[in-house]
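The structure under discussion appears below in the form of structure tokens.
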2 protein chains.
Amino acid sequence: MAKEKRTAITPTREQDYPEWYQQVIKAAGLAENSPVRGCMVIKPWGYAVWENMQAVLDKMFKDTGHQNAYFPLFIPVSYLEKEAKHVEGFAKECAVVTHSRLELNAEGKLVPASPLEEPLIVRPTSETIIGEMYSRWVQSYRDLPILINQWANVVRWEMRTRLFLRTAEFLWQEGHTAHATQEEAVEETLKMLKVYEDFAQNYMAMPVICGQKTEGEKFPGAVDTYCIEAMMQDRKALQAGTSHFLGQNFAKASNIKFLSEAGNQEYAWTTSWGVSTRLVGGLVMTHADDDGLIIPPRLAPVHVVILPVLHNEAENAGVLAYCEALKKEISAQTFNGAPIRVEIDARDIRGGDKVWGWVKKGVPVRIEAGPRDIAANKVFAARRDTGEKFSADKNEFTASLPKLLQDMQDALYQKALACRTQNTKIIDSKEEFYEYFTPKNQDNPEIHGGFALTHFSGSAEVEETLKKDLKVTVRCIPLEGDKTPGVCPFDGKPSKKRVIFGKSY
Amino acid sequence: MAKEKRTAITPTREQDYPEWYQQVIKAAGLAENSPVRGCMVIKPWGYAVWENMQAVLDKMFKDTGHQNAYFPLFIPVSYLEKEAKHVEGFAKECAVVTHSRLELNAEGKLVPASPLEEPLIVRPTSETIIGEMYSRWVQSYRDLPILINQWANVVRWEMRTRLFLRTAEFLWQEGHTAHATQEEAVEETLKMLKVYEDFAQNYMAMPVICGQKTEGEKFPGAVDTYCIEAMMQDRKALQAGTSHFLGQNFAKASNIKFLSEAGNQEYAWTTSWGVSTRLVGGLVMTHADDDGLIIPPRLAPVHVVILPVLHNEAENAGVLAYCEALKKEISAQTFNGAPIRVEIDARDIRGGDKVWGWVKKGVPVRIEAGPRDIAANKVFAARRDTGEKFSADKNEFTASLPKLLQDMQDALYQKALACRTQNTKIIDSKEEFYEYFTPKNQDNPEIHGGFALTHFSGSAEVEETLKKDLKVTVRCIPLEGDKTPGVCPFDGKPSKKRVIFGKSY
């Protein structure tokens, strides 16, 4: 009998991708489901990853001239109604607050009391309430642009939830800007899309395609929605961030008017853009393997964990002292502009459990140090991404750590890019398209072709048919790449260029 | 006629303290009321102060071994019911979510649809939902302690709101810890109280008294509530932070049990502790004057603002270059462990408006630089706290800035401490007590004596009478200071020591 490779996560990606994803999250201690339907608990390790994401993004937003602010959690129903498309998009799944008190009824049960005059919804997104405030703040062109970002929780009453990827409550940032001209607003929309691309590629090590959404897939109320789309290891697409050019739709709905330099009353041009805790899910599905999470070094809460080998009472104090000194030397090194984050794990638990615990948490580098290493002034190191293990001179190793971490960061990106390239195909016939998106293995129906680069006429009918037949949608109309026109293989009509088709989360 | 001193804020503190407070906030651009009842919008300048508070506190929490995590916004009503005192305290004013959808009714109006099986409340505090998660995470004494903090928004349906001090929604942090022993939990409770004291005094420059709450004033469900209490400029007390020893009350309610080292099933001992955006209100009321906000340098989003004097087209480029060079030199200096935060305001607006704008925002140091300063290599500087203005050699001034900022930080603390000392009185008779708390000026009924250090028997009846008669409550039983026993002047019974009485926000 062939011996199967033992993996830390059961099932493997190959065996059952969705379940593998849940198990990776559980094993890493990233998050878990709460007793409140659809709401997750983000555990310390998961929250630390999110905090690192926040810190990088927050600096990027500030460097591009934005300020943070905070707007109310609740939105009056009448505000939602102001933009017709918007209400269509969000009224179907929202948490509605109808009372402001609980009281005991005759049976001694707490029941809602003091009904509100007007129900409130918990914000699913804040265009309408922020628009109302902007209408108060903007009188003249001198008050523009307004460049504000908010870090907040939002709620969308999703029926089918999955940790990080789709939850009723999630954490995000939402940028909301108002401008005097259309040009400036479009420029802002694309600038923030590029910020997201930079973040995804250079911090998450997750290759993304920048593109535009079709009419059917755009944000409710937007003129144009731009997005970054990434391919996960099951070849499905993850919409990882969106940036919306809202035209004057929300300015009209919220009455954001200003006196222009020429002396005319004009409506402002607005944008909004956001990324969420969904990115943590994207990070997992881009990099984790059958042994658990792998965190790109630039976002890792801990870069290096030192595991003292403590077998002998007489030697333990010396080992710990060696590890403490090593920790100090390592944290004197910088990576990505800050000291390397290093921890010693001296817990009294089985060595194997300890090592595997850190493997499953995805810490980039593990170091073991015991009496023999001390004698030779060495360390025994392991790289989480490749699994490579090696013994090295302590000082040389410490000095090489910044480069090692950057190499891992780059290697993770290249690996993900290769995976996407390998699973992206130019397809020009309907038959090949249907074949491509049909699962080959009935035991694992989630695995299919990947991304198809195919011409598309823009027909909503075609989109609907493909969604119904294959659960495939246009992920985006790429901004870069081949711009040769052609013919849509589904309705024979002209196509401006190929678009990205795929199944999506 | 005597000429009145012109102030930037109308009315002055003397004329109408509550309205002065609103006007300071408005003039500084800290926050404003939103159209959603009781919910405020925290504007960029106010949010920047809150971010600085968060950064300091977050580091203090992590340095004391805590990790951040995130728990659901919603709490099932049945969870609230688990702790009897807790439900009493929070059921009376909470946002109740009863539906998960809106639909159009026959009249074309959006109305709540899809009622929930069990209503949810928006968290007013998270003991119950976090307790539920801890009960799942804790099996053995090895799983303890759990030391977690959450940064979150919470909602309490307050009837009378005031920006920052009391709002329906506010931002806060809530620490929730679970321990194997009572001693450890009590130690944690007091440790975090000391963290808050450190923060209030050394960062907010706000003197506080550490003390314990009476039975009547403690947190619903706590065994002991500790607090930091500060005196505002109207001599009222502000409860600025609380730390609760919850005993086993919530562990029993949530079934947080563990197998002890001795092999027994025991309930854990828990604590919770929090501070909120209320601190921003406390900062305003401690330091602002009749010209507007004064921000202690350690929390100021901008330490120094440079105002180029641009009067002459031919000289402007030179002035701007001088200011840019100055900015660079200043930001090369460090204050409180980070580069000094400096901005140039070159907006084309009236010089007076510009200067007063920064005065009202409370930036510690303003610098004006024009052609004459350049010629002499000088700057013209103004200190926000004292109003002092002086001309100085540019290089000497730049080098002295870290000390100047620290001097201002210290001076603000000393000034606030002097105000509290001056308005705190040892009182031993009921007559003097009533006299002390009776406003002297009917035009300004808010102004009264201040804090009274008076003996107290602990009687709930006495507390109730004083509250009814004078709106005065026991702010805290101080942990430090005079511990001589005495007699309660209200009921003649023995008193262990003097307590702090005051009116409060």
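In region B:26-73, the residue that is nearest to the other protein chains (Cβ to nearest Cβ) out of those that are without any contact (Cβ under 8 Å) to a residue 24 or more places away in the chain and among the small types (G, A, S) is B:S34. The residues listed here are B:I146, B:I121; of these, the one that is free of Cβ contacts under 8 Å to residues at least 60 places away in the same chain, of a type outside the set (D, E, K, R) and either open to solvent by less than 10 Å² (accessible area, probe 1.4 Å) or within 30 Å of B:D410 (Cα to Cα) (or both) is B:I121.
Among residues of region B:416-431 being free of Cβ contacts under 8 Å to residues at least 40 places away in the same chain and of a type outside the set (V, I, T), the one that is farthest from B:A237 (Cα to Cα) is B:E431. Scan region A:394-416 and give yes if some residue there is open to solvent by 60 Å² or more (accessible area, probe 1.4 Å) and part of a strand (DSSP E or B), otherwise no. No, region A:394-416 has no match at all.
Only one residue in B:E183, B:E197 is over 19 Å from the mean Cα position of the chain (by Cα), farther than 30 Å from B:E461 by Cα and in a helix (DSSP H, G or I), so which one is that?
Working: B:E197 fails: over 19 Å from the mean Cα position of the chain (by Cα).
The conditions single out B:E183.
Please enumerate the residues belonging to region A:325-343 that are surrounded by 14 or more Cβ atoms within 10 Å (Cβ to Cβ) and under 18 Å from A:N395 (Cα atoms). The answer is A:L326, A:K327, A:E329, A:I330, A:S331, A:Q333, A:F335, A:I340, A:R341, A:V342, A:E343. Scanning region A:437-493 for residues that are surrounded by fewer than 18 Cβ atoms within 10 Å (Cβ to Cβ), of a type in the set (D, E) and within 24 Å of A:R420 (Cα to Cα) returns A:D443, A:E446, A:D469, A:E480, A:D482. Taken together, B:N423, B:N395, B:N441 contain a single residue that is among the polar types (S, T, N, Q) and within 25 Å of the chain's Cα centre (by Cα), which is B:N423.
The set of residues in region A:211-242 that are outside any loop (DSSP other than H, G, I, E, B) and open to solvent by 10 Å² or more (accessible area, probe 1.4 Å) comprises A:Q212, A:E215, A:G216, A:E217, A:D224, A:Y226, A:M231, A:Q239, A:T242.
Residues in region B:102-118 that are facing chain A (nearest Cβ under 9 Å) and either touching a His at 6+ places or on another chain (Cβ under 8 Å) or surrounded by 13 or more Cβ atoms within 10 Å (Cβ to Cβ) (or both): 9 in all. When B:T98 is tested against (1) more than 9 Å from chain A (Cβ to nearest Cβ); (2) buried (at least 19 other Cβ atoms within 10 Å of the Cβ); (3) β-branched (V, I, T), exactly one condition is not met: (1).
Taking only region B:74-95 into account, find how many residues are in contact with a helix residue (DSSP H, G or I) (Cβ under 6 Å, 6 or more places away or on another chain) and more than 10 Å from chain A (Cβ to nearest Cβ).
Of the residues in region B:74-95, 2 are in contact with a helix residue (DSSP H, G or I) (Cβ under 6 Å, 6 or more places away or on another chain) and more than 10 Å from chain A (Cβ to nearest Cβ).
Only residues that are open to solvent by 10 Å² or more (accessible area, probe 1.4 Å), in contact with a strand residue (DSSP E or B) (Cβ under 7 Å, 6 or more places away or on another chain) and without any contact (Cβ under 8 Å) to a residue 60 or more places away in the chain were counted across region B:124-143, and they come to 1.
Results for (1) in contact with a Leu (Cβ under 7 Å, 6 or more places away or on another chain); (2) among the aromatic types (F, W, Y); (3) under 30 Å from A:E19 (Cβ atoms), shown as yes or no for each residue.
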site: A:V138; (1), (2), (3): yes, no, no
site: A:E158; (1), (2), (3): no, no, yes
site: A:L165; (1), (2), (3): no, no, yes
site: A:A168; (1), (2), (3): no, no, yes
site: A:H179; (1), (2), (3): yes, no, no
site: A:L193; (1), (2), (3): no, no, no
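Cβ-Cβ distances below 6 Å connect the following pairs, each with a first residue in region B:167-184 that is within 12 Å of another protein chain (Cβ to nearest Cβ) and modelled with pLDDT of 95 or more, a second residue that is open to solvent by 10 Å² or more (accessible area, probe 1.4 Å) and outside any strand (DSSP E or B), and a separation of six or more residues or different chains: B:T167/B:G38; B:T167/B:T161; B:A168/B:G38; B:A168/B:W157; B:A168/B:E158. Residue count for region A:155-169 satisfying the condition of being crowded, with 20+ Cβ neighbours inside 10 Å and under 23 Å from A:E81 (Cα atoms): 5.
Taken as a whole, region A:78-101 holds at least one residue that is free of Cβ contacts under 8 Å to residues at least 24 places away in the same chain and among the polar types (S, T, N, Q).
From the list A:E107, A:E93, exactly one residue is in a loop (DSSP other than H, G, I, E, B) and under 30 Å from A:Y505 (Cα atoms). Which is it?
A:E93
Among the residues of region B:432-455, those identified as free of Cβ contacts under 8 Å to residues at least 60 places away in the same chain and over 19 Å from B:C488 (Cα atoms) are B:T438, B:P439, B:K440, B:N441, B:Q442, B:D443, B:P445.
The values are calculated or read from the model by the stated rules, or taken from the named source; none is laboratory data. All of these numbers come straight from a predicted model, not from anything done at the bench. Quick reminder, even Gly has a Cβ in these numbers, built from the backbone with ideal geometry, and neighbours come from all protein chains shown. Each accessible area value is taken on the protein alone, full model and side chains, heavy atoms only, with ligands, DNA and RNA left out. Shrake-Rupley method; radii C 1.70, N 1.55, O 1.52, S 1.80 Å.
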